[in-house]
Amino acid sequence: MLDALDEHFRKHLGRLAGARRFSGGAEGVEVDFDLLSFEPGDAGFAPVVTRGLSAHLLAMGSARTARVELLMLVPEALSELAESRICDIALDVVRSHRAPGRSHVLDQRGQVFPDSAMNALMSVAPVYQGSDFFILDTADERILFPWLMPITGAEAEYVQRNGSDAFETILEASTIDMRDPFRESLC
């Protein structure tokens, strides 16, 4: 499975800039995976992704299961902070044994990045990587790659009040680059 992941990353994320191992746990949950950082793309945003989190089979919905790797897209200078956030979310995901749902607000632990209005993360399809990035079918498994998109508190409240479909309508009408952690709020 790792060979298939590596090929998928090479195809969609570009040149690897760095890798480090994360091994830890809390509340009886142990997790081991790699954190991979890639060189920034044309727009200047660097992908940061887990590699190996998909070893955990997670519940998704009432009767389905899924394997996931988590993705963030950040300015290169924020790669280490993104790695820290991904580790927090990965621990939460493994601890709960639940895969992040579509357009689900995952994390509201305060400011995502210094000097940024973003204080939550939302699990969405990774639109900047192309349509064939989100799902990888290997010989044995299907792996999903949700993008942990930083959002503002007002946006998180909007999703909770009006639902993810209403927020996605706003996203689709916007010209704002949602990868930018210093962008204005859409709500």
Exception for V49 within (1) modelled with pLDDT under 95; (2) in contact with a Leu (Cβ under 7 Å, 6 or more places away or on another chain) falls at (1)
Condition set of a type in the set (A, V, I, L, M) and surrounded by 19 or more Cβ atoms within 10 Å (Cβ to Cβ), scope the stretch 35-49, selection farthest from S23 (Cα to Cα): answer is A46
Of the residues in the stretch 3-24, those that are loosely packed, with under 12 Cβ neighbours inside 10 Å, farther than 15 Å from I86 by Cα and touching a strand residue (DSSP E or B) at 6+ places or on another chain (Cβ under 7 Å) come to R15
For the stretch 9-35, pairs from a residue that is within 24 Å of D92 (Cβ to Cβ) to a residue that is modelled with pLDDT under 95 and among the polar types (S, T, N, Q), with Cβ under 6 Å and 6 or more apart or across chains, are D32/S23
Residues in the stretch 127-170 that are in a helix (DSSP H, G or I) and within 15 Å of the chain's Cα centre (by Cα) total 3
Among strands (runs of 3 or more DSSP E) entirely inside the stretch 50-109, those with 3 or more residues being surrounded by 15 or more Cβ atoms within 10 Å (Cβ to Cβ) and of a type outside the set (F, W, Y) are 64-68, 71-75, 104-107
Over the stretch 140-173, the set of residues among the small types (G, A, S), without any contact (Cβ under 8 Å) to a residue 40 or more places away in the chain and either surrounded by 15 or more Cβ atoms within 10 Å (Cβ to Cβ) or over 18 Å from V105 (Cβ atoms) (or both) is A173
TODO: Tell me, yes or no, whether the stretch 10-26 has at least one residue that is in contact with a Ser or Thr (Cβ under 9 Å, 6 or more places away or on another chain) and assigned to a loop (DSSP other than H, G, I, E, B).
DONE: no
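The values are calculated or read from the model by the stated rules, or taken from the named source; none is laboratory data. Everything numeric in this text was worked out from a predicted model, so none of it was measured. Note that we place each Cβ from the backbone using ideal geometry, even for glycine, and neighbour counts take in every protein chain shown.
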